[in-house]
Amino acid sequence: MKIAVLPGDGIGPEVVREALKVLEVVEKKTGKTFEKVFGHIGGDAIDKFGEPLPEETKKICLEADAIFLGSVGGPKWDDLPPEKRPEIGGLLALRKMLNLYANIRPIKVYRSLVHVSPLKEKVIGSGVDLVTVRELSYGVYYGQPRGLDEEKGFDTMIYDRKTVERIARTAFEIAKNRRKKVTSVDKANVLYSSMLWRKVVNEVAREYPDVELTHMYVDNAAMQLILKPSQFDVILTTNMFGDILSDESAALPGSLGLLPSASFGDKNLYEPAGGSAPDIAGKNIANPIAQILSLAMMLEHSFGMVEEARKIERAVELVIEEGYRTRDIAEDPEKAVSTSQMGDLICKKLEEIW
Ligand code: ATP
Ligand code: MG
């Protein structure tokens, strides 16, 4: 079990450190050990090697079973030419190298953190607990032909059967271990690519008789996420619709510091949904929960350690319920705990409940 660990820039190193503490608890409790190979990416790699994704880092990633990333980028490197910047030359290049086809973002609004959410208690209802599954490799962002001249600009929205089958299976597999509901979001009343999407999703659904499938048009889905987000379990959607809906969903909990993500490809990549947060980097105030929950996703999806993942999620939830808050989710910033304190609290709780 080999993990490529890429702390990166900004708050990356601070929050990755806390997640690795949690992994140590898991190792101690299960007797399993992970080989962690550290690599440089982004601005960190530019400073050390003069390039954002050095060969050494590529090699580490390709030899690992999973990649655990902090975050990449920051104002220090903004003046470099685009392809040499941490984001494009580092993170986007890495994502491309891994042939990622699915982006998974679980979104949870904890009952005790309703005060941070932009939505009212009444709307949050019994809590929000959903996952967006976004197709990442096809659709209008990649379809050919595309072009631009003085008179017109155009893109092509294409989906083929194979691609839809693969992403649909990803969503149904995730739903199987959750509340067993998939909402497939498309625009099949207007778009041919969505008509195929809907047809193939229906076919895949037959392999999963225990999972309930509904279809929703994207305009309605955007509205329903604000009106009644608790109705969703797994949202399955295309690249562009997923881009928009996953960011809309990410706004519901009120802090990026709570949100993990996973991307599936030749190798799976696990990273927080937020970025390098340069405004708070280096101050030991960032919320490590997004990174810690990304670790839980890695254990579940790359190493089959489902129970261990649930335990980490439970420990996080209990620490929040007990009232501990980093600054981003605190009602009173004076009483906020630091990044490292939050990490320690979660480790302690995890040991207690194991
Ligand atoms: P990037 O270009 O790397 O995405 P950014 O400037 O867009 O950087 P983000 O990381 O996307 O910044 O963060 C957006 C906002 O959310 C910032 O105010 C940041 O401080 C906050 N934020 C993001 N992650 C966390 C975290 N883990 N803990 C606390 N606040 C966070
Ligand atoms: Mg950002």
Practice task
Straight distance only, please: which lysines reach the Cα of Lys176 with their own Cα at less than 23 Å, same-chain residues fewer than 8 apart left out?
Solution key: Lys108, Lys162, Lys199, Lys228, Lys267, Lys311
Problem - Whole-Å semi-axes of the ellipsoid equivalent to region 1-75 (Cα gyration tensor, √5λ, descending) - result: 24, 15, 7
Practice task
State the three equivalent ellipsoid semi-axes of the chain, derived from the C-alpha gyration tensor as the square roots of 5 times its eigenvalues, in descending order and whole Å.
Solution key: 31, 26, 20
Exercise for the section: Describe numerically, in nm with one decimal, the distance between label points set 7 Å from Cα along Cα→Cβ at Gln341 and at Asp129. Expected result: 2.9
Handout entry: Selected from Val37, Val234, Val133 as most flexible by GNM, with the chain as the system and alpha-carbon contacts under 10 Å
Key = Val37
Problem - Difference of contour (0.36 nm per residue) and Cα-Cα distance, Met1 to Lys122 - result: 39.1 nm
Exercise for the section: Just report the Cα centroid separation between region 234-303 and region 101-142, whole Å. Expected result: 10
Problem - Sites Glu331 and Lys199 - FRET efficiency at Förster radius 45 Å, r taken between beta-carbons, to 0.05 - result: 0.40
Exercise for the section: Return the FRET efficiency for the residue pair Glu322, Val190: r is the Cβ-Cβ distance, R0 is 51 Å, and the value is rounded to the nearest 0.05. Expected result: 0.55
Practice task
Give the peptides 166-177, 254-265, 55-66 in descending order of average Cβ contacts within 10 Å, highest first.
Solution key: 254-265, 166-177, 55-66
Practice task
In nm, give the distance between the simple-model label positions of Asp210 and Val306, each being 7 Å from the Cα along the Cα-to-Cβ direction.
Solution key: 0.8
Problem - Rounded percent of accessible protein surface that carbon and sulfur make up, the chain, 1.4 Å probe - result: 51
Handout entry: Sequence ranges 71-79, 180-188, 8-16, 320-328, ranked by mean other-Cβ count within 10 angstrom, highest first
Key = 8-16, 180-188, 71-79, 320-328
Handout entry: Ellipticity estimate at 222 nm from DSSP helix runs (n ≥ 4, -39,500 (n - 2.57)) divided over the chain, nearest 500
Key = -12500 deg cm²/dmol
Fill in the blank from the handout: Placing each pseudo-label 7 Å from Cα in the direction of the beta carbon, Thr30 and Asp149 end up separated by a distance in nanometres of 5.8
Problem - Sites Phe49 and Arg17, calculated FRET efficiency, Cβ-Cβ separation with R0 35 Å, nearest 0.05 - result: 0.95
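The values are calculated or read from the model by the stated rules, or taken from the named source; none is laboratory data. Everything numeric here is computed off the predicted structure, so don't read it as measured data. Note that each Cβ is placed from the backbone with ideal geometry, even for glycine, and that neighbours are counted across all protein chains shown. Heads up: the accessible areas ignore ligands, DNA and RNA and are worked out on the full protein's heavy atoms, side chains in. Shrake-Rupley method; radii C 1.70, N 1.55, O 1.52, S 1.80 Å.
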